[in-house]
1. Of the conditions (1) at pLDDT 85 or above; (2) in a helix (DSSP H, G or I), Asp5 fails just one. Which one is it?
2. Take the conditions touching a Gly at 6+ places or on another chain (Cβ under 9 Å) and at pLDDT below 95 and apply them to Glu61. Does it pass?
3. Name the one entry in Gly30, Gly105, Gly49 that is farther than 21 Å from Leu9 by Cβ, modelled with pLDDT of 85 or more, surrounded by fewer than 14 Cβ atoms within 10 Å (Cβ to Cβ) and not hydroxyl-bearing (Ser, Thr, Tyr).
4. Which residues, taken from the stretch 8-36, are in a helix (DSSP H, G or I) and within 15 Å of Phe77 (Cα to Cα)?
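The values are calculated or read from the model by the stated rules, or taken from the named source; none is laboratory data. Please read all numbers here as calculations on a predicted model, not as lab measurements. All Cβ positions, even for glycine, are placed from backbone atoms using ideal geometry, and neighbour counts span all protein chains on display.
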Amino acid sequence: MVIADGLTLPFAQLIAWDQIAVAVPEAAAGDPWAVLSPLLAIVGDHQSGHGSHGSEWTSAEVARRSALALAVFHTYFGDPQQRVKGVLAAVEHVVRQERGFTEGGEI
């Protein structure tokens, strides 16, 4: 869960955080129900095995997001070497974008 409007999460150039994290607006931070309701929806829908109340949180969606989160952890945060590789990959991504290079081309 992320409660920080406008926060750029680590390796945002490489990680689709919106596919992993649940975002709650900062304005809702003082309202415990506004913070907890997305989590309660996830838990309730996950336990029932299907989305309810228009929720996207089916068991399959919870499993998909959990698998993505685990893959992101092991790829970018699992140990200091992975973090350094992630920083270098993010820098390479930014340089390629700024210089108009496509994937695989020399920088």
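1. It fails just one condition, (2).
2. Working: touching a Gly at 6+ places or on another chain (Cβ under 9 Å): yes; at pLDDT below 95: yes.
When the stated conditions are applied, Glu61 passes them.
3. Working: Gly105 fails: modelled with pLDDT of 85 or more; Gly49 fails: modelled with pLDDT of 85 or more.
Just a single option satisfies the conditions, and that option is Gly30.
4. Here is the first cut: in the stretch 8-36, the ones in a helix (DSSP H, G or I) are 17-19, 26-28, 32-36.
Passing the criteria: only Trp17.
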